[in-house]
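First the structure, in the form of structure tokens, and then the observations on it.
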Amino acid sequence: MKNRRVCILVCIICVLIFPLISIGQATTDHFSDSMVLVVGKSDTVSSTLLWFFGCKFIINKQVNIQVNGEEDETITACIFPSNVGFYYSHTNMTIHMLGAIGVVFWGQKSVLFPNSPLLVFAFCKARDIWVTYD
């Protein structure tokens with residue numbers, strides 16, 4: 001019986017205190033029918049096509065470029081024309097492109113650039129672009 005009272009008391013305290021605690025949320029920006037230029041170093045790039053010496057020529061595909069804040073991972077992105085977005089030297093950011101047409105280069109799939117973190121270059125026109133950052 002005593003344990004039940006303690007449990008109920010803890011639950012009531014949690015219900016009263018938890019709404020007061022702020023939750024850190026990432027910011028997500030959305031762009032439609034825009035061009036994107038991405039340059040930087042990242043260990044995580046994914047797409048649905050096969051890589052050819054580090055390059056992908058994409059037509060109406062999905063591309064994800066993500067930096068997780070690891071050592072020397074930074075990314076700079078410029079998105080234009082309808083709305084302009086400029087993200088300089090972010091260390092914790094995800095760029096998700098849907099319906100992308102363009103070219104993507106990633107150093108992990110290339111024999112010519114064996115460095116870490118890996119070089120990333122993308123120049124695409126995408127139907128939808130989501131940029132999530134802290």
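The values are calculated or read from the model by the stated rules, or taken from the named source; none is laboratory data. Note that this is a predicted model, so its numbers are computed, not measured. Please note: Cβ atoms are built from the backbone with ideal geometry, for glycine as well, and neighbour counts cover all protein chains shown.
Some points to look at:
- Residues being within 14 Å of the chain's Cα centre (by Cα), crowded, with 16+ Cβ neighbours inside 10 Å and not acidic (Asp, Glu) - total across the stretch 48-75: 7
- Among the residues of the stretch 32-68, just one is part of a loop (DSSP other than H, G, I, E, B) and of a type in the set (Val, Ile, Thr), namely 48.
- Only residues that are at negative phi and touching an Asp or Glu at 6+ places or on another chain (Cβ under 8 Å) were counted across the stretch 25-45, and they come to 8.
- Output for the stretch 36-47, where each listed residue is modelled with pLDDT under 90, buried (at least 19 other Cβ atoms within 10 Å of the Cβ) and among the β-branched types (Val, Ile, Thr): 45
- Residue selected from the stretch 53-84 under the condition modelled with pLDDT under 90 and of a type in the set (Gly, Ala, Ser), by the criterion farthest from residue 132 (Cα to Cα): 54
- Candidate set from the stretch 76-96 (those that are assigned to a strand (DSSP E or B) and more than 21 Å from residue 125 (Cβ to Cβ)); member that is nearest to the chain's Cα centre (by Cα): 92
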